[in-house]
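See structure below.
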Amino acid sequence: MKRKGVTLLEMLVAIAIFAVGMVFVLRVFPAGLKGIRYGEQMTLTSSLAKTELASLIANPQNLPHSIAATNPHVPGEILVIADPFDANPDIFRLIYGEPFSIPAPTNGEAGWASYYLLRFAPADPNWGIVVYSSPLQRAEGDPNLPDDIYSLGPDQYLIDYDTGKIAFLPQPFDRWFKVDYTYRDAQGSPHDIVAEIMYVPANSPYATDHPQGCLLGHPVDWFSETVSVSFLNIGGNAFSENPYEFKILDYYRGLIALNPLSTRFVGRAKVDYQVMDWRILREIRQLPFALPADTRLTFANLHEIGPNYPGLLILEETTGEVIYDERLDPPCNPQDRVVIGRNGVITFNYPNDAGKRVKIFYRPSKDFPLSIQKAATSYVLAPTFSLGWREYGLALNPQTGRWCLYFTPCENGKTVLVDYWFGDPNNPQKVVGEWGTITQVPETGAGIDDRNPVYDYIVELKRQPVVSVSKVLGASLKVRVAWETPAGLWRKLDLDTVLPRGR
């Protein structure tokens, strides 16, 4: 009889083939897992970005004037050379000119007051919160002449650009004014000043904390200034008869209370602040009218509570009422009002919460910062060709001989709408709302000063020759979700849109 079986050589060959196959499988398997994880990340980040973008464009009238990059070591200093394509979420955080209608007064945690929630809270307590009225009107006249001063209205001011002196109609109460402007140093370089506060005592037209009522004692660029009545932060004091007062109730919630008299004097106001950290996400949920009910966060695993990340916070969207606050013990009242489950599931049990819109702040265990970038609502022509923030220059491109608008590096990639005149200077034609994207040109002489890369960000106007530019409006809005790789590099997903003219 013949015996059936395999020889030792055949077994060795089979083992070798199996080993080679296993090595191949083991090499492919981690790559497959990596691809699956990447796909999950893209799905989640895309969903988060789309939801945020839809929320922003649904109310464009409440978008800030612009979102700027600031120096983390010098509060208020604008970094005009910041790169908007850098995925680092810690760069563009200054919310400038967030408009809002002052709500009708209600009885809340600061008593009878008008309450407002910042749109991009939590706010950075190291930068502060500045609340101010709509801009005052610039009047014709000399701030040194009493007759000109006493002819002013309460919503007007006078300015001498050569000295920076500014004057207001005297009032029988103390006032504070917020002034943004650009001035030049001895070398002609521009310096952008944001939220400089001037104290003007009762019955005086001038600020006493500035040299002879001047803005830092410097010449000021023509028409670069914006002047508003600043609301006074009164801390824990009671509201007085001065309508321009407010209190910061919670930086993390972004909740402020305004003097209930303010609605008689100011219909709409604006606020400047710096986002604490884009890593803290904000999600809005509409609760059903039948509770208990569950809702699920975009990211399931939450970051543990820490000194810089105060933990999960749930607010009623319009009033700022605290529904759940992980900083408190217990975090909600009654204790079963909200139950935090696994995998990012939140259960709402309290019948009185039915039908409310809630705002949820949280930080995922793996950082996915959600940040916003926005072109300035409007840009002004720089008086010299040293560009400041929210300024543009108009000049011939030395390489092409065509008229272009020039911008600072922090505006790279943004879209603008331009109104201008072209053709025969004696009989020019007008273009309204021409689209252009601010683009960096190569270092080949296309910039006005090829030694300085600040002048390499341009929009070339289509109709030539250009006689004058009458208006430049920002039109682009970007939502960005970023994540950090194990190698410490930031990746990003950008969603861009264009806003209606004038926003």
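In a shell of Cβ-Cβ distance under 15 Å around ASN88, excluding ASN88 itself, what net charge do Lys and Arg (+1) and Asp and Glu (-1) give?
Charge balance in the 15 Å sphere: -1.
Got a sec? How would HIS210, HIS65 order by Cβ neighbour count within 10 Å, fewest to most?
HIS210, HIS65
Rounded, prolate or oblate: which one fits the range 66-148, using the alpha carbon gyration tensor with axes a ≥ b ≥ c (rounded when a/c is under 1.5, else prolate when a/b beats b/c, else oblate)?
Since a/c reaches 1.5 but b/c is at least a/b, the shape of the range 66-148 is classed as oblate.
If you count the DSSP beta bridges with both ends in the chain, what percent of them are antiparallel, to the nearest 5?
About 95 percent, rounded to the nearest 5.
What shape does the range 78-233 take by its C-alpha gyration tensor, where a ≥ b ≥ c are the square roots of the eigenvalues and a/c under 1.5 counts as rounded, a/b above b/c as prolate, and the rest as oblate?
Oblate, since a/c reaches 1.5 and b/c is not below a/b.
About the Cα centre, and with charges only on the beta carbon of Lys, Arg (+1) and Asp, Glu (-1), how big is the dipole of the chain? Nearest 20 debye, please.
The dipole magnitude comes to about 2740 debye.
Could you run the Karplus curve 6.51 cos²θ - 1.76 cosθ + 1.60 with θ = phi - 60° over the range 324-338 and give me ³J(HN,Hα) per residue in whole Hz, x for Gly and Pro?
Along the range 324-338, the couplings run 8, 9, 5, 6, 9, 9, x, x, 8, 9, x, 5, 9, 4, 9 Hz.
Please arrange ARG93, ARG282 by how many other C-beta atoms lie within 10 Å of their C-beta, fewest to most.
By the 10 Å Cβ count, ascending, the order reads ARG282, ARG93.
Counting other C-beta atoms within 10 Å, which of GLU316, GLU241 has the fewest, and how do the rest follow?
In increasing order of surrounding Cβ atoms, one gets GLU241, GLU316.
Could you sort the peptides 131-138, 459-466 by per-residue average Cβ neighbour count (10 Å cutoff), highest mean leading?
In descending order of packing, they fall as 131-138, 459-466.
Please list 232-238, 188-194 highest first by mean number of surrounding beta-carbon atoms within 10 Å per residue.
188-194, 232-238
Here are labelled values, (1) 1.09; (2) 0.95; (3) 1.00, and one is the computed Rg/Rh (Cα atoms, Kirkwood Rh) for what I pasted. Which one?
Matching the structure shown: (1).
What length, rounded to one decimal in nm, is gained on full extension from LYS50 through to THR319, with 0.36 nm per residue of separation minus their alpha-carbon distance?
94.3 nm
Can you give me the long-range amide H partners of LEU302? Hydrogens built in the peptide plane at 1.01 Å from N, cutoff under 5 Å, separation of 5 or more residues or another chain.
The answer is SER365.
Ranking request for peptides 161-168, 51-58: highest mean number of other beta-carbon atoms within 10 Å first, then the rest in descending order.
Ranking, from highest mean packing down: 161-168, 51-58.
Could you work out how far helix 8-58 tilts from the main Cα principal axis of the chain, as a 0 to 90 degree angle to the nearest 10?
Tilt of helix 8-58: around 30 degrees.
No value in this document is a laboratory result; all are computed from the given coordinates. All of these numbers come straight from a predicted model, not from anything done at the bench. So basically every Cβ, Gly included, is an ideal-geometry build from the backbone, and we count neighbours across all protein chains shown.
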